[in-house]
Amino acid sequence: MDYKQSIFPPQFVLESEKTEEWANKWVDAVVSYMAYIDSPYHNSRLNDIQNYNIYNGSLELQDFKYITEQYGMAYPARLVNYPIISPKIDLLVGEELRRPMDIKVSTTNKEAVLRKEDVKVNLIMKKLTEEIHQEFKDATGIALPAITEMEIPEDIDLYMRYNYREMVEETAQDGLEYLMQKYHYRDIFKEGFRDLLVTGKEFFKVYDHNGDPYVRRVDPRSVVYEINSNSDYLDDASWVGEERYLSYSEILDEFRDELTREDLEELSAMYQIGGYDDLSAYNSQFDWIDYQEGQEVKIRVVSVEWKSIKTLKFKVSENKFNPEKPFMKAVADDYKPRRREQLVTRYVDDIWEATKIGGKILVRARRRPNQVRSVDDAGSTQLSYVGCVRNNTTGRAVSMVDLLKNIQMLYNIVMYQIELAMARSGGKAVVYDVSQLPTNLGMDMQTVLYHLKTDGIIPINSKEEGNQLASFNQFQQIDFTLSNSVQQLINLKMMLEQTAGQISGVLPQREGAVGQYEYVGNVQRSVVQSATITESWFYSHSQVKKRVFEKVCNLMKVSWANGKKSSYILADGAYKFLSIMPDVSLQDYGIFIGDSGKDDAMRQQLQGIAQAALQGGQATLLDIIKVIKADTFTEAEHILERAMEEIKKEQAGQAQQQQAIMEAQQAASQAEFERQVQLEQIKNQAKVEVARIQSETDLKIADMKDDLARETTDVAHNVKNKQIFLTKRMETDEKKNLSKAQKESEETSVSPQRKERVQNIIKKS
């Protein structure tokens, strides 16, 4: 009988049978499964442990005894690890850290899709209307009023696919960025990618933690699961078990609210038992307590999640007001329908969980809270575990370490043989007959070797007793220098390095090892080939990230059902405020992740284009800096696009301004010309007018002169006549006065005043 069939309880049972006892059986089944030596989990776990030891440079020396020992004697050399795997893995991990994380949140439920279709149709209609307005204006010269103030994009399909964002999508995007910053997702995914390269598996757990969606990296060496061979993802597993060894404080931090007083006492007893002889008896075959001398006691904690089916029954009754929508109400399993009622049964996914601490304390044996369900398909849900099992169709994950570890072992053996050859090397040795020692001269072997070293001679005494000169056949020389086998070992070492690069896809050119006479084009082709081979690893990791982000975004619907307000710091140091409204729970979310490898290469090319744009005056230095700092190709493209548009607008504005200046100058010139013409006309008119006036004046003056002459003549004639009249009158008066004066003078003497008056009268006359 298959061991799995004998120990695992049924997943699909009645609701009444879903008890704490049923949950406890599930945990015990997973614990037993982990303990089976021949189980796939056990073999996979041992392989994963070995892979991580190889990556970390740890060697199992007993695996090399057939090389390092002979007949129970060790060779004079050390077996050490010369890593050729870890640099390649670290290089890929470093490249993953440099890759942009181009993530876009999109709503995927039917209602959201219909809303976007409506927006698309409206944009198309507005664009058609604008085109009709433009044709009308071209034909009549009359501009109709604009239908909208927004700028309608040229390619509406591309705009809706990449640029259009609903408010709820923007909100979810902000929420995801907030979580990435707060919980350091990059560091978590870095460790996950290393797990994928070392073990071929990458696991995470997404759950609610202190009111926030939380992501925890799960050690693949501690996870057991049941996945269909048609899937490579842990999301599709029917059950998942995880074991951890936690300290006392870690257990309290995680399970404080679930532990009773009796549980705490039992937990304290477990930590006290760790240092006693009965530890082995307590652990039995399941190793519930981990204790090593001088270290803190660790308690084994096993958590299990599994899928079940929840049966829901509804009574359906007639709706008189709307017969097409009858009334439905959930009822108990044993409900008996009444007249005109029908019973309808619905089946939905139901996730259960349970955790056992130290083999005795059972906590969280319950239906898992905060289960995320689709808006369009409320019956489906998934486990909180997310991950990838690479090449699961073979029944066993295959990692990069699995591909290279045999080469790593051979590489260490070759390096060991080279060190052994160096240890055996002793230069050239002399075969010396000790009977030739000149003992009569007081020389021993040490003194002879001294003279050999300093003077270059070997003194002997052929006449000394026991020495036979005839038997002396010169001294012999033996060569103990390095043999040609060392060069062969070095060639083998280089061949192994080359093979490791070809298998992994991480070629020497990608690691920066470029030959002195290697052409640049060959180096570039090698790097491109290398990136093509390793891209599948990045793709698997990208798909895992996509699934994690989708689970995080959809968990927001539960964790932030009542809204969320906070703030976080962006990469440039600026603050950004987060405000999540409750309507975030009304959507389903999908994640689009750009092709980071392709985007990174295109982004680098775009930087070169940006440099050319800077030199051509199509972008500014600030724009180039923004392009270089951009995380994704799309972002860099938009930055450069906006920059070129701004430059075009600025150039167009400058051209318009220049045109306006030229037109103004032309207008001014024309106005000045017209003014000069008018001025000349005015001058000419003034001259004519002056001439006319002068002529008229001359005529008037002549007339006036004539009139004046006539008047003068008349006056003179009148004056003359008057003078004649006055003269005659004066003469008459004078005569009268003279006679009178004479008469008066005669009568009286004339006063001087009177004489003067008389003279004046005469003058006037």
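The values are calculated or read from the model by the stated rules, or taken from the named source; none is laboratory data. The model shown is predicted, which means the values in this text are computed figures rather than measured ones. Here the Cβ is made from the backbone with ideal geometry for all residues, glycine too, and neighbour counts use every protein chain on show.
Somewhere in the stretch 209-219, is a residue surrounded by 18 or more Cβ atoms within 10 Å (Cβ to Cβ) and among the β-branched types (Val, Ile, Thr)? Yes. Go through the stretch 290-310 and give me each residue that's within 24 Å of residue 205 (Cβ to Cβ) and aliphatic (A, V, I, L, M). Result: 299, 301, 302, 304, 309.
Each row is one residue, and each column tells you yes or no for (1) more than 30 Å from residue 53 (Cβ to Cβ); (2) hydroxyl-bearing (Ser, Thr, Tyr); (3) assigned to a helix (DSSP H, G or I).
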| residue | (1), (2), (3) |
| --- | --- |
| 373 | yes, no, no |
| 382 | yes, no, no |
| 397 | no, no, no |
| 401 | no, no, yes |
| 409 | no, no, yes |
| 414 | no, no, yes |
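Listed by position, the helices (runs of 4 or more DSSP H) enclosed by the stretch 231-288 that each have at least 2 residues that are at pLDDT 90 or above are 248-255, 261-273.
Scanning the stretch 321-363 for residues being buried (at least 18 other Cβ atoms within 10 Å of the Cβ) and in a strand (DSSP E or B) gives a total of 11. When the stretch 21-51 is filtered for residues that are of a type in the set (Val, Ile, Thr) and not in a helix (DSSP H, G or I), only 37 remains. For the condition surrounded by 21 or more Cβ atoms within 10 Å (Cβ to Cβ) and not basic (Lys, Arg), residue 198 qualifies. Using the structure shown, decide if residue 124 is part of a helix (DSSP H, G or I), without any contact (Cβ under 8 Å) to a residue 60 or more places away in the chain and out of contact with any Ser or Thr (no Cβ under 7 Å at 6 or more places or on another chain). For residue 124, the condition - part of a helix (DSSP H, G or I), without any contact (Cβ under 8 Å) to a residue 60 or more places away in the chain and out of contact with any Ser or Thr (no Cβ under 7 Å at 6 or more places or on another chain) - is met.
Restricting attention to the stretch 504-533, the residues that are of a type in the set (A, V, I, L, M) and at pLDDT 85 or above add up to 2.
Here are 542, 536: which of them is modelled with pLDDT of 85 or more and crowded, with 18+ Cβ neighbours inside 10 Å?
Answer to the check: 542.
Does residue 380 meet the test of being under 33 Å from the mean Cα position of the chain (by Cα), touching a residue at least 12 places away in the same chain (Cβ under 8 Å) and crowded, with 21+ Cβ neighbours inside 10 Å? In short, no.
Only one residue in 59, 97 is surrounded by 15 or more Cβ atoms within 10 Å (Cβ to Cβ) and modelled with pLDDT of 80 or more. Which one?
Numbers: 97 fails: surrounded by 15 or more Cβ atoms within 10 Å (Cβ to Cβ).
Every option except 59 fails the conditions.
Among the residues of the stretch 142-190, the one identified as surrounded by 14 or more Cβ atoms within 10 Å (Cβ to Cβ), acidic (Asp, Glu) and closer than 30 Å to residue 534 by Cα is 177. When the stretch 180-208 is limited to residues that are touching a strand residue (DSSP E or B) at 6+ places or on another chain (Cβ under 6 Å), in a helix (DSSP H, G or I) and of a type in the set (A, V, I, L, M), the one that is nearest to residue 369 (Cα to Cα) turns out to be 188. Considering only residues in the stretch 308-321 that are polar (S, T, N, Q) and within 52 Å of the chain's Cα centre (by Cα), the one that is modelled with the lowest pLDDT turns out to be 311.
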